[in-house]
Amino acid sequence: MGVSQKGLHDWIIQRVSAVVLAGYILFLTGFFMLHASVDFMMWQKLYSNMFMQVATMLTLLALMWHAWIGIWAVFTDYIKCSVLRGTLEVLVLVALFSFFFWGITILWSI
Amino acid sequence: MRFSIYRYDPIKDRKPYMQDYELDLDEHPCVMVLDALLAIRDTQDDSLMLRRSCREGVCGSDGMNINGKNGLACVTRLAELKGTIVIRPLPGLPVVRDLIVDMTKFYAQYEKIEPFLQNNDPLPVRERLQSPEERDKLDGLYECILCACCTTSCPSFWWNPDKFLGPQALLQAQRFIVDSRDTEKSKRLSKLQDAFSLYRCHGIMNCVSVCPKGLNPTKAISSIKHAILKEEY
């Protein structure tokens with residue numbers, strides 16, 4: 001991904017990831033509306049489904065990528081000290097990768 | 001009517017301050033904000049500095065922040081304003097003195113979009129013709145008067161005035177991108193794909209709400225983004 005096209009690629013990724021997130025949220029909303037009381041067994045059954053696991057993994061990826069693009073934009077707007085900005089960016093990236101792999105670990109241990 | 005006006009003379013003031021003025025509108029029948037400012041300057045304080053020229057919303061000289069909203073003083077009616085009228089210079093640009101700002105950064109961004117027709121086709125015998133439909137595409141774009149009200153109301157420009165082109169320059173970029181006589185559309189679009197020039201616009205539409213000519217830079221910016229998408233994929 002060239003620097004000269006970073007804006008275009010980020011713009012596309014933000015929109016595609018937003019659609020993925022919206023689809024997942026709509027699905028879960030529908031699930032909760034159809035099942036008034038959700039117990040552990042039902043929850044485990046839902047997430048044991050391969051389709052649901054792949055969809056959740058994709059949603060996690062979309063969430064992290066979407067968040068990174070947004071946070072990067074906020075940092076470049078408000079933090080003018082490059083050392084501080086770089087440090088914060090590394091911390092955020094470590095946090096996002098950790099959240100992603102933590103989520104994957106939980107998902108595949110069901 | 002009470003006015004609170006931003007004052008700053010870098011030669012004698014250590015920092016800017018707000019100065020209050022009372023203007024009797026029975027004695028000075030003013031319709032627009034500019035009339036009132038000129039009356040204050042003529043009758044109370046001739047050190048008050050501001051730019052103005054045509055006094056009818058054509059030249060774009062008297063852009064300023066009026067009660068928190070950017071606009072042209074010459075077309076902003078006093079009757080539409082309530083309470084003390086607070087006048088400040090356009091935000092986001094260095095103040096030269098009082099209500100006069102240094103527009104260098106604003107013009108530098110305008111220059112970057114190469115605001116002139118570029119055509120590499122052989123010169124025609126008489127002129128480059130345009131159909132009425134092709135000409136219609138320029139409506140809503142060419143009318144910009146470079147008053148800077150839109151660009152200086154945009155937070156993305158405040159934070160990145162050297163990198164983000166701003167709504168005015170992008171509106172003008174679209175004016176040349178859609179011009180049927182311009183052959184450099186691809187070059188123009190390829191220059192806007194970095195993270196800042198165009199894509200730092202998040203569509204908050206401050207520019208649309210302040211444009212004294214009723215133009216819609218956000219729509220133009222959106223059109224450019226879709227044109228790039230079409231061009232690249």
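Taken over the range B:194-224, the criterion of being in contact with a Phe, Trp or Tyr (Cβ under 8 Å, 6 or more places away or on another chain) and surrounded by fewer than 22 Cβ atoms within 10 Å (Cβ to Cβ) is satisfied by B:Phe196 alone. Might you let me know whether the range B:146-167 holds any residue that is open to solvent by 20 Å² or more (accessible area, probe 1.4 Å), more than 12 Å from chain A (Cβ to nearest Cβ) and assigned to a loop (DSSP other than H, G, I, E, B)? For the range B:146-167, residues open to solvent by 20 Å² or more (accessible area, probe 1.4 Å), more than 12 Å from chain A (Cβ to nearest Cβ) and assigned to a loop (DSSP other than H, G, I, E, B): present. Evaluated against (1) in a loop (DSSP other than H, G, I, E, B); (2) of a type in the set (D, E, K, R); (3) open to solvent by less than 80 Å² (accessible area, probe 1.4 Å), B:Asp35 falls short on exactly one condition, (1).
Give the residue that is farthest from B:Ala195 (Cα to Cα), with candidates limited to residues of the range A:45-96 that are small (Gly, Ala, Ser) and open to solvent by 40 Å² or more (accessible area, probe 1.4 Å). Result: A:Ser48.
On the stretch given as the range A:1-45, residues that are of a type outside the set (Val, Ile, Thr) and within 14 Å of chain B (Cβ to nearest Cβ) total 13.
The values are calculated or read from the model by the stated rules, or taken from the named source; none is laboratory data. Keep in mind that this is a model prediction, so the values were computed, not measured. Reconstructed Cβ throughout: ideal geometry from the backbone, glycine too, with neighbour counts over all protein chains shown. Calculation scope for accessible area: heavy atoms of the full protein, side chains included, ligands and nucleic acids excluded. Shrake-Rupley method; radii C 1.70, N 1.55, O 1.52, S 1.80 Å.
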